[in-house]
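**Q** To start, I am sharing the structure in question, which I have written as structure tokens.
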């Protein structure tokens, strides 16, 4: 008998539902609780464990399940809510959510690979850098609005401290990505327009790069255009879903690529001349950039300029 398991993850607790028995269990969201859950899963055949992304509270559990070779899939909470709505379930409690996730587990299967300690280290440093950069930008805006000299001095001191910490983290990131995959890091840095921040983010947040086909990688990042047609109406295609963090990084990097690589600049200009809006043209270039980076990693080759 195959088990389908849904887990509603909270900061301190795990609400678990096991189908087909419809067994409801509770564990602590801690190493001890994870070990108890894994002990329960020893022996039976587990088809899939489904849980929602919960701001990082699910990461340790996912790692424990994947390391134990238990198939585990993480989904966006919007998908789980849409599934509940489709079933006519409006009530929301932890056991109900776990049950609906277990119902969904058989239909949505995208098992996550076991985490690499080197990638996790890089991911945390990249995330920490993003947090400090946001603080730095906030302080700069506050400095522009401050009128008292004492406040301005305090803000300037804090901005200087943040810059020093960001520079230190940049060194940690460079070391972490060398330990993870120095060859891939060098190949990305050799792409005109791709800098250290984009390189670190791709290595940290997109381990699937080079392992999927062009359509799959575009869909994973949220750069695949989807039809919006109904009856006689043919609506404009739109992107949706995917990994917003990677899209933000590629958005900024692609402007540099367009400026630095003639084929991307020509492609962007052709799209603009064809009447495409600036953001639509840029997203199209982002998709081509992602697909070519994916092919570069898949084939284990260096970046080639068009015509080179």
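**Q** Being part of a loop (DSSP other than H, G, I, E, B), modelled with pLDDT of 70 or more and under 17 Å from the mean Cα position of the chain (by Cα) is the filter here, so list the residues in region 203-241 that pass it.
**A** Start the filter on region 203-241 by keeping residues that are part of a loop (DSSP other than H, G, I, E, B), which leaves 206-213, 222-225, 231-232, 239-241.
From the residues that got through so far, the ones that are modelled with pLDDT of 70 or more too are 206-213, 222-225, 231, 241.
Answer for region 203-241, where residues must be part of a loop (DSSP other than H, G, I, E, B), modelled with pLDDT of 70 or more and under 17 Å from the mean Cα position of the chain (by Cα): 206, 207, 208, 209, 210, 211, 212, 222, 223, 224, 241.
**Q** Quick one: count up the residues across region 83-94 that are touching a strand residue (DSSP E or B) at 6+ places or on another chain (Cβ under 9 Å), part of a helix (DSSP H, G or I) and more than 23 Å from residue 46 (Cβ to Cβ).
**A** 0
Quick grid of which residues meet (1) at pLDDT 90 or above; (2) assigned by TED's automatic domain parsing to the domain that holds residue 39; (3) within 24 Å of residue 10 (Cβ to Cβ):
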site: 67; (1), (2), (3): yes, yes, yes
site: 71; (1), (2), (3): yes, yes, yes
site: 74; (1), (2), (3): yes, yes, yes
site: 78; (1), (2), (3): no, yes, yes
site: 88; (1), (2), (3): no, yes, no
site: 99; (1), (2), (3): yes, yes, yes
site: 111; (1), (2), (3): no, no, yes
site: 123; (1), (2), (3): yes, no, yes
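Matching residues to (1) in a loop (DSSP other than H, G, I, E, B); (2) within 21 Å of the chain's Cα centre (by Cα); (3) buried (at least 20 other Cβ atoms within 10 Å of the Cβ):
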| site | (1), (2), (3) |
| --- | --- |
| 6 | no, no, yes |
| 18 | no, no, yes |
| 33 | no, no, no |
| 56 | yes, yes, no |
| 64 | no, yes, no |
| 81 | no, yes, no |
| 96 | no, no, no |
| 103 | no, no, no |
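**Q** Sort out which residues of region 258-308 are over 15 Å from residue 190 (Cα atoms) and part of a loop (DSSP other than H, G, I, E, B), and write them in order of number.
**A** 274, 275, 276, 277, 307 - these are the residues of region 258-308 that are over 15 Å from residue 190 (Cα atoms) and part of a loop (DSSP other than H, G, I, E, B).
**Q** Given the residues 156, 92, which is the only one that is farther than 28 Å from residue 201 by Cα, in the same structural domain as residue 17 (by TED's automatic domain parsing) and surrounded by fewer than 16 Cβ atoms within 10 Å (Cβ to Cβ)? Spell out the reasoning first.
**A** Working: 156 fails: in the same structural domain as residue 17 (by TED's automatic domain parsing).
After applying the criteria, what remains is 92.
**Q** I'd like to check something: does region 244-256 contain any residue that is farther than 30 Å from residue 55 by Cβ, at pLDDT below 95, in the same structural domain as residue 219 (by TED's automatic domain parsing) and surrounded by fewer than 14 Cβ atoms within 10 Å (Cβ to Cβ)?
**A** No, region 244-256 has no match at all.
**Q** Out of region 105-129, which residues are in a loop (DSSP other than H, G, I, E, B) and touching a strand residue (DSSP E or B) at 6+ places or on another chain (Cβ under 8 Å)? Working first, answer last.
**A** Quick first cut of region 105-129, residues in a loop (DSSP other than H, G, I, E, B) only: 106-116.
If the condition is that a residue be in a loop (DSSP other than H, G, I, E, B) and touching a strand residue (DSSP E or B) at 6+ places or on another chain (Cβ under 8 Å), then 106, 108, 109, 110, 111, 112 are the ones that fit.
The values are calculated or read from the model by the stated rules, or taken from the named source; none is laboratory data. Not measured: the values here are computed from a predicted model. Cβ atoms come from the backbone with ideal geometry, glycine included; neighbour counts cover every protein chain shown.
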